[in-house]
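J.: Can you keep this structure in mind? I'll have questions shortly.
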Amino acid sequence: MGTQRASNKDILDAINALTQAITSTMVAPKQAAPVADLPVLTEGVTPAPDLNVNAVPKSYLQHMTAKVTSIAQDKGESHVIYLRRNGAGEQKLAYCKASNWTTLKDRGIIGAVAMIEA
């Protein structure tokens, strides 16, 4: 350490240099992995045939679709509605961001029901 004190301008210059160095080393963010083979839920579109969506009441499916559509539009991100089995063995609907779908860690997951576009 020297006997000279650093001025505020020197400190600001050092911070700006570090910020610029960090910014220049950053790579572009990865694009979200595509959500493959998920139907967009619209009138007349049925869920994937291997899922027992009939176990879920239609009113519950409509409620969750409206809820997730609102969330997707508010956040500006596509979301996936999926069927899962809870601890009591009941089939329930859940949702997650489409970008998280391929890495989702849900032990009760049965399969995707629909993708809601933002």
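Quick note: the coordinates plus some simple rules give every number you see, no bench work behind them. Bear in mind that the values here come from a model prediction, so they are computed numbers and not experimental data. Here the Cβ is made from the backbone with ideal geometry for all residues, glycine too, and neighbour counts use every protein chain on show.
J.: Rg/Rh for region 51-101: what does it come to with C-alpha atoms and Rh from Kirkwood?
T.: Rounded to two decimals, Rg over Rh is 1.00.
J.: Give me the distance in nm between label points sitting 7 Å out from Cα along the Cα-to-Cβ direction at Thr3 and Ser59, one decimal.
T.: Simple spin-label model gives 8.5 nm for this pair.
J.: Report the gain in length on full extension from Ile11 to Gln73: 0.36 nm times residue separation, minus Cα-Cα distance, nm rounded to one decimal.
T.: 18.0 nm
J.: By how many nm would the segment from Ile22 to Arg84 lengthen if fully extended, with 0.36 nm per residue of separation less the alpha-carbon distance?
T.: 18.1 nm
J.: Continuing with the same structure: Scan region 51-118 for trypsin sites (Lys or Arg not before Pro) in coil per DSSP, keeping those whose Cβ has at most 10 other Cβ atoms within 10 Å, and list them by number.
T.: For trypsin sites (Lys or Arg not before Pro) across region 51-118 that sit outside H, G, I, E and B with at most 10 neighbouring Cβ atoms in 10 Å, the list reads Lys105, Arg107.
J.: If each residue's Cβ is checked for other Cβ atoms within 10 Å, how do Leu18, Leu93 rank with the fewest at the top?
T.: Placing the least packed residue first, the sequence is Leu18, Leu93.
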